[in-house]
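The values are calculated or read from the model by the stated rules, or taken from the named source; none is laboratory data. No experiment lies behind these values; they were computed from the predicted model shown. Using ideal geometry, Cβ is built from the backbone for each residue, glycine included, and neighbour counts are taken over all protein chains shown.
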Amino acid sequence: MSLLRRWFDPIRSRWFYQKPTRQEVLPTEQGLSVYLRLDDVYSYLAVQQLTQLDEILSDEIKPLKVVISDTAAEPPNGMTKAEWHSYCLNDAKILATQHRFSYDEEKPEQPSAEALKQAELILKNTPLTGQNFLYLLEDVFHMLWQQQYGKLRTLFVMASQHQQPQQMPERVFDHTPVLASYFEFGGRKYHAVDDLLRLTRRLKQQKLLTGNPIFLINHIEWREHLMSDAEELAEIQALHPELDLYIALEDPISWLLLAYIKEELANYYNIQMRVFPLSYQGRDFFDWSLATRLSKRAEVAFTPFCRPTEQSTLEMAKLFYSVAEEDRVNAMYEILKAAWTEGKDLSFKAHFQAMQQQLGIEQLQEVNVAGLLEENDALCDQKHQPDFPVLELRINGQSYVFNSLYRVWMIESIFSNVLEQLYKSENDAELNELEISKE
């Protein structure tokens with residue numbers, strides 16, 4: 001790592017960490033926009049919140065601008081379109097179950113091309129505005145994603161025969177590439193589902209809401225446990241849940257989530273963790289403000305730091321694979337902590353030797369570190385996830401795979417669902433015994 005980067009990064013990180021993490025006021029001239037695609041399942045979830053959101057928007061940012069695109073952005077992380085669609089349908093099912101969205105859980109599928117054309121014409125031709133348009137928009141999405149093609153066809157015939165295309169500034173049809181639905185406010189983008197609470201906090205801070213926003217009712221906040229009952233905790237702990245974490249060493253989000261899970265969840269739920277470091281992913285040019293905000297919300301230390309280079313990640317992995325397997329999670333915690341909170345550059349000999357001594361490594365293991373990282377890459381690729389870090393949770397004979405900071409809440413949600421299923425099975429067994437005894 002260059003001397004400039006080694007010394008400048010900690011200074012810059014201190015500035016980011018010490019300055020206010022939220023700009024006091026975002027500009028309101030452009031109002032609030034939501035970007036949708038009719039064939040995007042996240043848009044389907046998003047439109048189910050729009051009427052409620054619009055009801056409490058202040059006049060200053062009304063009307064809510066709806067942008068409907070017919071162009072999909074390229075899938076992330078090298079995924080094929082088929083892999084991305086499959087991931088989205090499954091992820092939407094998880095979100096719908098957690099936050100009680102309407103969703104076809106039996107057989108979710110992408111709407112047909114003909115249905116998409118019909119839906120677009122209906123929305124282009126309708127003279128409805130404001131709340132009435134938002135209700136129609138939600139109904140049309142329901143028809144698309146619940147395969148209610150008969151109803152859609154009826155509306156299409158009426159719209160094509162009795163209405164003309166409407167030109168309204170708050171309703172735009174264009175070709176903006178949209179990967180997944182998002183809001184735009186003050187020049188910033190917010191994921192339509194995952195960032196909805198962050199967006200409403202911002203709007204409320206700027207006094208742009210006329211009422212209290214109540215969205216995503218089962219959202220789990222950082223450091224707030226979903227399960228606190230001693231008996232329930234003991235039952236989860238007795239199941240010995242296992243968690244595999246695939247992390248990019250140059251990615252600060254990987255550090256923040258590893259630290260959070262280790263500090264807050266692992267001991268609490270008796271989670272047996274394993275860490276799989278990946279080869280250099282080029283993720284050291286990240287959103288500094290997002291990482292800083294997350295560190296404060298998750299209460300995980302983050303500054304000062306030096307962004308690890310590709311060479312640094314190899315040295316970090318060399319230390320990791322030189323400790324006993326049972327000590328590797330703790331070792332990775334200390335290695336990443338040194339890089340992301342103490343500004344240590346482990347490609348710098350003095351820093352490397354100090355960490356080697358701290359970890360009690362007398363002799364470095366003679367292993368093909370690059371080869372081990374490539375093996376981890378291959379395992380991670382098999383999970384078909386769009387973002388890092390990738391997590392695989394195993395409990396009660398089931399395996400669950402998810403990713404990124406937006407899905408950490410799933411760990412506790414899964415535990416809750418597992419207990420619910422166990423209780424249901426026990427109750428069913430007791431009822432069966434009672435019926436047999438009556439006979």
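Out of the residues in segment 176-200 that are assigned to a strand (DSSP E or B) and buried (at least 18 other Cβ atoms within 10 Å of the Cβ), state the one that is farthest from the chain's Cα centre (by Cα).
If we filter segment 176-200 for residues that are assigned to a strand (DSSP E or B), which is where we start, we get 178, 182-185, 188-191.
Next cut, buried (at least 18 other Cβ atoms within 10 Å of the Cβ) only: 178, 182-183, 185, 190.
Working: 178: 17, 182: 13, 183: 15, 185: 20, 190: 12 Å.
Ranking the candidates gives 185 first.
Counting only helices (runs of 4 or more DSSP H) that sit completely within segment 202-307, those holding 3 or more residues that are surrounded by 15 or more Cβ atoms within 10 Å (Cβ to Cβ) and of a type in the set (A, V, I, L, M) correspond to 252-260, 288-298.
Kindly provide the set of residues from segment 333-365 that are assigned to a loop (DSSP other than H, G, I, E, B) and of a type outside the set (Gly, Ala, Ser), ordered by number. Within segment 333-365, 342, 344, 345, 346, 348, 359, 361, 362, 363, 364, 365 meet the criteria.
For segment 26-55, a residue qualifies if it is more than 26 Å from the chain's Cα centre (by Cα) and either part of a loop (DSSP other than H, G, I, E, B) or β-branched (Val, Ile, Thr) (or both), and the qualifying residues are 27, 28, 29, 30. Assuming residue 422 fulfils every condition listed in (1) surrounded by fewer than 20 Cβ atoms within 10 Å (Cβ to Cβ); (2) under 30 Å from residue 85 (Cα atoms); (3) modelled with pLDDT under 95 apart from one, which condition is it? Among (1) surrounded by fewer than 20 Cβ atoms within 10 Å (Cβ to Cβ); (2) under 30 Å from residue 85 (Cα atoms); (3) modelled with pLDDT under 95, the lone unmet condition for residue 422 is (2).
Looking at segment 339-348, can you tell me whether even one residue there is modelled with pLDDT of 95 or more, assigned by TED's automatic domain parsing to the domain that holds residue 283 and of a type in the set (A, V, I, L, M, F, W, C)? Walk me through it before giving the result.
Of all residues in segment 339-348, those modelled with pLDDT of 95 or more come to none.
No, segment 339-348 contains no residue that is modelled with pLDDT of 95 or more, assigned by TED's automatic domain parsing to the domain that holds residue 283 and of a type in the set (A, V, I, L, M, F, W, C).
Looking only at segment 308-324, count how many residues are among the aromatic types (Phe, Trp, Tyr) and part of a helix (DSSP H, G or I). Number satisfying all stated conditions: 1.
Looking at this structure, is residue 377 in the same structural domain as residue 253 (by TED's automatic domain parsing) and either out of contact with any Leu (no Cβ under 8 Å at 6 or more places or on another chain) or not charged (D, E, K, R) (or both)? Spell out how you get there, then give the answer.
Numbers: in the same structural domain as residue 253 (by TED's automatic domain parsing): yes; either out of contact with any Leu (no Cβ under 8 Å at 6 or more places or on another chain) or not charged (D, E, K, R) (or both): no.
So residue 377 does not fit the description; no.
Within the set 331, 354, the sole residue that is of a type outside the set (Asp, Glu), under 25 Å from residue 266 (Cα atoms) and at pLDDT 95 or above turns out to be 331.
Determine whether residue 109 is acidic (Asp, Glu), out of contact with any His (no Cβ under 6 Å at 6 or more places or on another chain), surrounded by fewer than 17 Cβ atoms within 10 Å (Cβ to Cβ) and assigned to a helix (DSSP H, G or I).
Details: acidic (Asp, Glu): yes; out of contact with any His (no Cβ under 6 Å at 6 or more places or on another chain): yes; surrounded by fewer than 17 Cβ atoms within 10 Å (Cβ to Cβ): yes; assigned to a helix (DSSP H, G or I): no.
No: the conditions fail for residue 109.
Residues in segment 308-331 that are under 16 Å from residue 351 (Cβ atoms) and either surrounded by fewer than 21 Cβ atoms within 10 Å (Cβ to Cβ) or of a type in the set (A, V, I, L, M, F, W, C) (or both): 10 in all. Take the conditions (1) outside any helix (DSSP H, G or I); (2) farther than 13 Å from residue 67 by Cβ; residue 173 misses just one of them, which is (2). For first residues located in segment 57-86 and in contact (Cβ under 8 Å) with a residue 24 or more places away in the chain and assigned to a strand (DSSP E or B), partners that are polar (S, T, N, Q) and surrounded by 13 or more Cβ atoms within 10 Å (Cβ to Cβ) and lie 6+ apart or on another chain with Cβ distances below 9 Å form the pairs 65/30; 65/33; 66/33; 67/33; 67/176; 68/43; 69/176.
Among the listed residues 205, 148, which satisfies the condition of being within 20 Å of residue 51 (Cβ to Cβ) and among the polar types (S, T, N, Q)? Going through 205, 148 in turn, just one is within 20 Å of residue 51 (Cβ to Cβ) and among the polar types (S, T, N, Q): 148. Checking 144, 152, 137, 179 one by one, the residue that is closer than 27 Å to residue 58 by Cβ, hydrophobic (A, V, I, L, M, F, W, C) and either touching a Lys or Arg at 6+ places or on another chain (Cβ under 9 Å) or touching a residue at least 12 places away in the same chain (Cβ under 8 Å) (or both) is 137 and no other. On the given criteria, is residue 390 out of contact with any helix residue (DSSP H, G or I) (no Cβ under 8 Å at 6 or more places or on another chain) and either at pLDDT below 95 or under 21 Å from residue 75 (Cβ atoms) (or both)? Answer is no for this residue. Please find, within segment 346-363, the residue that is surrounded by the most Cβ atoms within 10 Å (Cβ to Cβ) out of those that are of a type in the set (Gly, Ala, Ser) and farther than 16 Å from residue 333 by Cα. Once the filter is applied, the top-ranked residue is 347.
Going by the structure shown, is residue 279 hydroxyl-bearing (Ser, Thr, Tyr) and under 19 Å from the mean Cα position of the chain (by Cα)?
No: the conditions fail for residue 279.
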